[in-house]
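Visitor: What follows is a structure written as structure tokens; I'll ask about it next.
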Amino acid sequence: MPTTGAVSGVVRALAEADFGAVAQRFSDAGFTVGLPARGIMTVKAAAGSGRASVLVSVGVHGDETGPIEVVAHVLDALSQQPAMLAVDLMVCVGNIDAIAAGKRFIDADLNRMFRPVRGSLADAAEAARADTMIAATDAFFAGAGPLRWHLDLHTAIRPSVYPTFAIVPDLIAEQGKQALIGWLGQAAIGAIIMNPQSAGTYSYYSAEFHAAAASTVELGRVGTLGQNDLSQFADVAEALDGLLRGAPPAAAKTAPHVFKVAQQIMKLSDGFTMAFDRSTQNFTALRQGEVIATDGDTVYAVQHPEELVVFPNPDVRVGLRAGLMVVRTA
Ligand SMILES: [Zn+2]
């Protein structure tokens with residue numbers, strides 16, 4: 001595990017999927033605490049409380065350690081004032097084995113497995129973990145009221161024109177979507193991409209199958225556990241703390257720029273080549289007619305006057321998304 005003496009106990013515990021002290025404090029305060037699987041904790045008040053149900057997930061990519069630190073500190077502080085918890089909560093530490101190995105994944109990208117058909121990913125080591133997370137998520141939302149959230153916290157693997165941004169499924173009902181966008185503004189998220197189509201991500205699953213206001217939130221750059229500059233996460237930590245304590249919505253720190261997906265770039269074969277290298281920043285702009293990628297006879301070119309590339313990754317497996325092209329709407 002890539003840890004040093006600088007890693008605090010609360011951070012190390014969460015990174016190792018150990019909820020011990022936190023679970024005990026909530027339990028002692030009278031909450032119903034569940035540990036349905038390794039790395040998953042639920043904290044619920046009595047049924048019929050009318051509370052929102054909030055799922056917070058971290059470490060779905062094992063090398064994205066910043067959100068683990070953020071959530072560890074928020075949870076630790078909240079568990080010391082347990083009566084302040086105002087929502088039914090599920091915390092999920094995603095790819096525990098990859099976190100321990102300090103890698104993005106062991107076998108294949110866990111965040112492409114939250115859909116019924118997994119294709120070439122079905123045999124990956126991560127498939128069983130996805131099944132476990134899906135089962136726990138289904139159980140958590142099964143008894144939930146209408147106010148449902150899922151914040152899946154990540155950090156990006158490359159620089160970005162917008163250091164923080166979020167992917168929001170288009171299919172979320174309007175009221176939940178507006179609340180979510182308001183929260184993202186409080187968290188000073190710079191850009192929001194409205195996404196019309198699942199890529200098999202965890203947050204899209206919660207939105208599609210459980211009507212949660214769900215988002216994949218990218219919070220800056222990949223860093224080593226215990227060595228992240230937590231000041232870059234201060235706004236999201238404050239917004240998350242407020243959500244869990246039932247604070248009234250606060251003013252946005254940023255009015256996020258809103259984008260919609262213009263096209264998904266799918267890798268169809270091993271002949272796929274892309275006009276980007278690994279140093280390409282997220283939200284790099286291309287002009288109409290420029291070639292994005294070629295794949296045999298298929299040529300992906302920019303259709304709008306300008307499109308911006310997000311998550312370019314020609315190295316994904318065949319059949320998966322190699323990048324998103326987005327256009328600004330607001
Ligand atoms: Zn990620």
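Visitor: Quick check on the range 68-100: of everything there that is assigned to a helix (DSSP H, G or I), more than 19 Å from the chain's Cα centre (by Cα) and free of Cβ contacts under 8 Å to residues at least 60 places away in the same chain, which residue is farthest from the ligand (Cβ to nearest atom)?
Guide: Filtering the range 68-100 for residues that are assigned to a helix (DSSP H, G or I), more than 19 Å from the chain's Cα centre (by Cα) and free of Cβ contacts under 8 Å to residues at least 60 places away in the same chain, the one farthest from the ligand (Cβ to nearest atom) comes out as 83.
Visitor: Filter the range 190-213 down to the residues that are within 11 Å of residue 167 (Cα to Cα) and surrounded by 24 or more Cβ atoms within 10 Å (Cβ to Cβ) and list them by number.
Guide: Scanning the range 190-213 gives 191, 192, 193, 195, 201, 203, 204.
Visitor: Taking interchain pairs and intrachain pairs at least six residues apart, which have beta carbon atoms under 9 angstrom, with the first residue in the range 55-66 and acidic (Asp, Glu) and the second in a loop (DSSP other than H, G, I, E, B) and near the ligand (Cβ under 9 Å from one of its atoms)?
Guide: Every condition considered, the pairs that remain are 63/104; 63/157; 63/222; 64/104; 64/157; 64/222.
Visitor: Any residue at all in the range 219-231 that's closer than 24 Å to residue 113 by Cα and more than 16 Å from the ligand (Cβ to nearest atom)?
Guide: Looking through the range 219-231, none of the residues is closer than 24 Å to residue 113 by Cα and more than 16 Å from the ligand (Cβ to nearest atom).
Visitor: Next question. Please go through (1) assigned to a loop (DSSP other than H, G, I, E, B); (2) out of contact with any Gly (no Cβ under 7 Å at 6 or more places or on another chain); (3) surrounded by 16 or more Cβ atoms within 10 Å (Cβ to Cβ) for residue 261 and return the number of the only condition it doesn't satisfy.
Guide: The single condition residue 261 does not satisfy is (1).
Visitor: Let me ask something else about it. Would you be able to say whether some residue in the range 145-158 is more than 16 Å from the ligand (Cβ to nearest atom), surrounded by fewer than 16 Cβ atoms within 10 Å (Cβ to Cβ) and closer than 27 Å to residue 47 by Cα?
Guide: Among the residues of the range 145-158, at least one is more than 16 Å from the ligand (Cβ to nearest atom), surrounded by fewer than 16 Cβ atoms within 10 Å (Cβ to Cβ) and closer than 27 Å to residue 47 by Cα, which makes the answer yes.
Visitor: Regarding the range 206-216, can at least one residue be identified that is more than 18 Å from residue 137 (Cβ to Cβ), in contact (Cβ under 8 Å) with a residue 12 or more places away in the chain and of a type in the set (A, V, I, L, M, F, W, C)?
Guide: No, every residue in the range 206-216 fails to be more than 18 Å from residue 137 (Cβ to Cβ), in contact (Cβ under 8 Å) with a residue 12 or more places away in the chain and of a type in the set (A, V, I, L, M, F, W, C).
Visitor: Here is a further query. Take residue 111 and decide whether it is touching a residue at least 12 places away in the same chain (Cβ under 8 Å) and touching a Leu at 6+ places or on another chain (Cβ under 6 Å).
Guide: For residue 111, the condition - touching a residue at least 12 places away in the same chain (Cβ under 8 Å) and touching a Leu at 6+ places or on another chain (Cβ under 6 Å) - is not met.
Visitor: Being surrounded by fewer than 22 Cβ atoms within 10 Å (Cβ to Cβ) and either of a type in the set (D, E, K, R) or within 30 Å of residue 127 (Cα to Cα) (or both) narrows it down to one residue among 180, 240, 171, 230; which is it?
Guide: The unique qualifying residue is 171.
Laboratory data are not the source of any read-out in this text; all were calculated from the coordinates shown. Source: prediction; values computed, not measured. Counting neighbours? That spans all protein chains shown, and the Cβs are built from the backbone with ideal geometry, glycine included.
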